[in-house]
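Undergrad: Let me begin by handing over the structure; questions about it come next.
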Amino acid sequence: MQNEILVNVEMQEKRAAIVKDGVLDEYYIERPTDKTIVGNIYKGKIETIVPSIGAAFVDIGLDKKGFLYLSDIVEPIEPIIPIEAKKKEFKKGEEVLVQVVKEPISTKGPRLTTHIGLAGRYLVLMPQDAHRGVSRRIDDKEERSRLLGIMEEVNVPTDIGYIVRTVAQGKAKRELHRDVLFLLKLWRRIHSFAQRNTAPALIYEEYDIVLRVIRDSFDDTISKLIVDSKDEHRRICNFLRVFSDDLIKQIELHKEKSDLFVAKNVEKQIDKIYERKVILKSGAYLIIEPTEGLVVIDVNSGRFRKRYDPEHMALSVNSEAACEVARQLRLRDLGGIIVIDFIDMEREEHRKDVLRVLKHSLKCDRAKYEILGISKFGVVEMTRERVYRTIESLSYAACPYCHGRGKIKSVSTMVIWILKELQRLLSENPHKKEVQVSAHPEVINQLLRENEKLIETIEKRYRTKVGFTLAPNAHIEEVKVE
């Protein structure tokens, strides 16, 4: 299997895609204005305690106050209290070191915890917890025992906990030891910085999307990582020298003028991520319907025409669909309650077979999930935790033309598309003296307001003049560059 990580860097956004045998398996996008705060560590001040819900609202310096369950509080930062003497009562005005575990959504502020977790390549260090263990996804008892034995030899301080990550399977003591040293050094720096600062203050900022994907997914199962920016290539190499310098030789700089995602046939797959209907190779298809807190996935036989009896036809389609459902959950980052309606099967062993395929396909999903089982009607109920904002919320806005019943691309996405299209058109027509861009006024206004210098750079580079025409009656996605 040919697995690749592709990294595309633009001034306005960074994108990372994990591609397996040419098929998009995971996709991430991050823009400066929408950068996630999940993983960030803040020194906060308890502003309000609400005993009725067992929670506190914490000022961490953002517009919205953070939400912290009292059961999630370990201890105030100052004075430093030994673990065996942790405080249980907290008052308004006390300071706590907190980490963001969930993005602010709508009117809700970010979800916080004082159970700090510092993720390395092979383990998560928990400096304010004594719990120690191995990822549940490592189910081989001998391997679990081997990893715990290595961690005992590494001599992590007794008051610091850790979880060995799934990616640590088969790794040697040297690699885990290097991770421990790096994370302990990072924690000492965070702790020292927290003591020197007054709440509210940002103490530690989590890695951006590119470095997170590399930390979590770039291992010996990935044949190469291709990046289209020299600066980002250099930054990635420097990052890997800390975690795993043997992977540097697998990094490749994309030097061609062609767009990396287009050249790898990924752009077309990205465009299909939020289509309601997903066609399977057999001709069967899925219908995916997300609602506010529930996602319904319906499996249909479609044009499936293999000469099976109905029972074996259902088993074949459902097994293929189970694999694709797991992929779509990752791609779309679907969360909440998920109901999958497979084609009815009479035999219980066939239903169990489909459930096994689904569970196996979900093993590489880093999100927390729970499957309740499969009913005699072929319905699977499961939950999946979503931590970050979805790609859909970043790339699309509620459609004003259909009162929110559908989706259109956001103004920011169209601005980025125009800038890419301008450079593509001019690189293919280097002697073109003038280019005219016609689009909806909102798109043109944001384009000129936020990218004036970039447009001037394009004009100088290609020795051309770019003109703009407002098209008040045009759809947001209707753009002409000619």
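Undergrad: Which one is nearest to LEU331 (Cα to Cα) among residues in segment 15-46 that are touching a Pro at 6+ places or on another chain (Cβ under 9 Å) and part of a strand (DSSP E or B)?
TA: Per the stated criteria, the residue is TYR42.
Undergrad: May I ask you to list the residues in segment 279-301 that are farther than 16 Å from VAL379 by Cα, over 21 Å from the mean Cα position of the chain (by Cα) and open to solvent by 30 Å² or more (accessible area, probe 1.4 Å)?
TA: Those that are farther than 16 Å from VAL379 by Cα, over 21 Å from the mean Cα position of the chain (by Cα) and open to solvent by 30 Å² or more (accessible area, probe 1.4 Å): ILE279, LYS281, SER282, TYR285.
Undergrad: Another question about this same structure. If you check ILE203 against the conditions, is it of a type outside the set (Ser, Thr, Tyr), open to solvent by 50 Å² or more (accessible area, probe 1.4 Å) and in contact with a Phe, Trp or Tyr (Cβ under 6 Å, 6 or more places away or on another chain)? Before you say what the answer is, go through the steps one by one.
TA: Values: of a type outside the set (Ser, Thr, Tyr): yes; open to solvent by 50 Å² or more (accessible area, probe 1.4 Å): no; in contact with a Phe, Trp or Tyr (Cβ under 6 Å, 6 or more places away or on another chain): yes.
Spelling it out, it is not the case that ILE203 is of a type outside the set (Ser, Thr, Tyr), open to solvent by 50 Å² or more (accessible area, probe 1.4 Å) and in contact with a Phe, Trp or Tyr (Cβ under 6 Å, 6 or more places away or on another chain).
Undergrad: Tell me, which strands (runs of 3 or more DSSP E) wholly within segment 250-310 include 2 or more residues that are under 30 Å from GLN423 (Cβ atoms)?
TA: Filter on segment 250-310 gives 251-253.
Undergrad: Within the set of pairs 6+ apart or on separate chains, which have a first residue in segment 352-371 that is within 17 Å of VAL299 (Cα to Cα), a second that is of a type in the set (D, E, K, R), and C-beta atoms under 8 Å apart?
TA: SER361/ARG327
Undergrad: Within the set of pairs 6+ apart or on separate chains, which have a first residue in segment 191-204 that is free of Cβ contacts under 8 Å to residues at least 24 places away in the same chain, a second that is open to solvent by less than 70 Å² (accessible area, probe 1.4 Å) and of a type in the set (A, V, I, L, M, F, W, C), and C-beta atoms under 6 Å apart?
TA: Filtered contacts from segment 191-204: PHE193/ILE203.
Undergrad: I would also like to ask the following. Does segment 339-355 include one or more residues that are open to solvent by less than 60 Å² (accessible area, probe 1.4 Å), under 27 Å from GLU103 (Cα atoms) and either hydrophobic (A, V, I, L, M, F, W, C) or out of contact with any Ser or Thr (no Cβ under 9 Å at 6 or more places or on another chain) (or both)?
TA: Within segment 339-355 (the criterion being open to solvent by less than 60 Å² (accessible area, probe 1.4 Å), under 27 Å from GLU103 (Cα atoms) and either hydrophobic (A, V, I, L, M, F, W, C) or out of contact with any Ser or Thr (no Cβ under 9 Å at 6 or more places or on another chain) (or both)), the answer is yes, since at least one residue qualifies.
Undergrad: SER438: surrounded by 12 or more Cβ atoms within 10 Å (Cβ to Cβ), among the small types (Gly, Ala, Ser) and in contact (Cβ under 8 Å) with a residue 60 or more places away in the chain, yes or no?
TA: no
Undergrad: Output the qualifying pairs, or none if there are none: Cβ atoms under 6 angstrom, residues six or more apart or on different chains, first residue in segment 454-482 and part of a loop (DSSP other than H, G, I, E, B) and open to solvent by 60 Å² or more (accessible area, probe 1.4 Å), second residue of a type outside the set (Val, Ile, Thr) and modelled with pLDDT under 90.
TA: GLU477/LYS409
The values are calculated or read from the model by the stated rules, or taken from the named source; none is laboratory data. Small disclaimer: the values here were computed from a predicted structure and weren't measured. Quick reminder, even Gly has a Cβ in these numbers, built from the backbone with ideal geometry, and neighbours come from all protein chains shown. Surface areas here come from the heavy atoms of the whole protein model, side chains and all, with no ligands, DNA or RNA. Shrake-Rupley method; radii C 1.70, N 1.55, O 1.52, S 1.80 Å.
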